[in-house]
1. Would you calculate the volume per residue, in Å³, of the smallest convex hull containing every Cα atom of the chain?
2. Kindly provide the Kirkwood hydrodynamic radius of the range 81-198 in Å, to one decimal, from all pairs of distinct alpha carbon atoms.
3. Which value in deg cm²/dmol, rounded to the nearest 500, describes the helix-derived mean residue ellipticity at 222 nm for the chain, given -39,500 (n - 2.57) per DSSP H run of n ≥ 4 and division by the residue count?
4. Compute a Gaussian network model of the chain, connecting alpha carbons closer than 10 Å, and tell me which residue from C111, C188, C82 fluctuates the most.
5. Name the residue farthest towards the positive end of the dipole of the range 7-53 from the options A19, A49, A34, assuming +1 on Cβ of Lys and Arg, -1 on Cβ of Asp and Glu, about the Cα centre.
6. Exposure proxy check: H29, H103 ranked by fewest other beta carbons within 10 Å?
7. Size of the dipole of the chain about the Cα centre, Lys and Arg at +1 and Asp and Glu at -1 on the beta carbon, nothing else charged, in debye to 20?
8. Quick one: what do you get for the range 7-53 if you divide its Cα Rg by 2.2 N^0.38 Å?
Amino acid sequence: MRYSSNHKAVSKSRILKAAAQQLRAKGPHKVSVAQVMSDAGLTHGAFYAHFNSKDALVAEAVSEMFADAADRGGGLGDLAACEGEDLRAALRAYLQTYLSASHRDRPDRGCPLPALAADIGRTEAHARENFIVGLNRMTGRIEQALSRLGRTTPETDAITVVAQMVGAVSLARALGPGAQSDAILRDCSRAIIEKLGL
């Protein structure tokens, strides 16, 4: 059978998307190569044409998760195009969306940080490095927005805000839907918005 010139790239993309879905649902240690390949519609034997190990797959799937989140938007891209009151409103809307029940209830579609934070420290170095790249990209965008809003410590503010956001979503997911979980999201959202003067 003759394959198109981009067949290998298309197959690898399908594998990474399937692996990213498993990462979100199960965490890095429960990713199954056989299940990933089945979900991608490929044979198990085809795996080694693309990756030399499960660790290599997980590392690239972490990057895929961040790329997928960026492709879906999520509001951070909007911050670069805003100034003044529009920037305040855009940042406030981003925070409220991130710290929402819909984000809590859809880890398969949300930010990779809360989905991976608890387990990434126990993975191999390359997966952790890709996680750090994604974390730094998100933190950097928030830092840039805060700098343009005139915050005196935008770098410190950005990392503490990201830590609060990720922690709040992680705790809310651990509790599941309900009053206590909703309160964590609502109260953290209000506290961050007040702290940043939004």
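1. In the chain, the Cα hull volume divided by residue count equals 122 Å³.
2. Details: mean 1/r = 0.0673 Å⁻¹.
Mean inverse Cα-Cα distance, inverted, gives 14.9 Å.
3. Per the formula, -22000 deg cm²/dmol.
4. C82
5. Checked the options; the winner is A19.
6. If I rank by nearby Cβ atoms, fewest first, I get H29, H103.
7. My answer is approximately 500 debye.
8. With N residues counted in the range 7-53, Rg over 2.2 N^0.38 Å equals 1.03.
Just so you know, all these numbers are worked out from the coordinates, no wet-lab data involved. The structure displayed is predicted, hence computed values, not measured ones. All Cβ positions, glycine included, derive from the backbone under ideal geometry; neighbour counts span all protein chains shown.
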